[in-house]
Amino acid sequence: MLRGNLPLNHDIIAQSCRDIIHEYVSRGEDVQSNYTTYFCKDAQEHTHSLEWFKDLSDIIKDTYANWYQTSMNEDMTIFSRNDIHFFAWINRYTEPHMHDVHNHPRCLMSGTYYVKVDDSTTPIKFTNPNPAAAMFTR
């Protein structure tokens, strides 16, 4: 598991995410108080075109390549950032919400970047998909 702080302007990113959500909600894309751009290709493309997103993507890709090279003792210099697929979306919650346990098939790495949380935010929880591992959990 990798964990860290990203050297980005989180206030700008948070406002940009709110603006993107507001733009698509105001068009009638979704009227729920909890919203995701996961199902909205236009919103994803818009997000992926922004400078802060390019910086975020580069940091994540570089971190992954460095981790892979160090952990697996593999030469990653033959790859470029463009060889690593990075797919992301925005979730905004204005009321309590949770995701059911799920997985991300065909992914080598998954993660969550929390732009803004407070003391009442429940931390992310990872579970082992191996049923035999359940006897080792608390």
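Report, to the nearest whole %, how much of the accessible area of the stretch 20-82 belongs to carbon and sulfur atoms, 1.4 Å probe, protein only.
Numbers: 2030 of 4130 Å².
C and S atoms contribute 49 percent here.
In percent, how large is the relative contact order of the chain, given Cα pairs closer than 8 Å and 6 or more residues apart?
Details: 69 pairs, mean separation 42.4, N = 138.
With pairs under 8 Å counted, the relative contact order is 31 percent.
Among 46, 82, 69, which residue has its Cα furthest toward the positive end of the charge dipole of the chain, with +1 on Lys/Arg Cβ and -1 on Asp/Glu Cβ?
Going by the Cα projections, it comes out as 69.
Which of the trypsin sites (Lys or Arg not before Pro) found in the stretch 47-112 are in a DSSP loop and have at most 15 neighbouring Cβ atoms, other than their own, within 10 Å? Walk me through the intermediate numbers first.
On the way: sites: 54, 61, 81, 92, 106; in loops: 106.
Filter output for the stretch 47-112: 106.
Using unit Cβ charges (K, R positive; D, E negative) and no other charged atoms, how large, in debye to the nearest 20, is the dipole of the chain about its Cα centre?
That gives the chain a dipole magnitude of about 400 debye.
Considering only DSSP states other than H, G, I, E and B, which chymotrypsin sites (Phe, Trp or Tyr not before Pro) in the stretch 1-75 qualify as loop sites with at most 14 other Cβ atoms within 10 Å?
Here the chymotrypsin sites (Phe, Trp or Tyr not before Pro) that fit, given the DSSP loop and packing criteria, are 38, 39.
Over all pairs of distinct alpha carbons, what does the Kirkwood formula give as the hydrodynamic radius of the chain, in Å?
Result for the chain stands at 17.4 Å.
Run the numbers on the stretch 1-79 and let me know its relative contact order in percent, using alpha-carbon pairs under 8 Å that are six or more apart.
Here the relative contact order equals 25 percent.
If you project the alpha carbons of the stretch 49-128 onto the principal axes, what extent comes out on each, in Å, largest first?
45, 35, 23
The values are calculated or read from the model by the stated rules, or taken from the named source; none is laboratory data. Model, not experiment: these values are computed from the prediction. Neighbour counts are summed over all protein chains in view; Cβ atoms, including those assigned to glycine, are modelled from backbone coordinates with ideal geometry. What goes into the accessible areas is simple: the full protein's heavy atoms, side chains included, and nothing from ligands, DNA or RNA. Shrake-Rupley method; radii C 1.70, N 1.55, O 1.52, S 1.80 Å.
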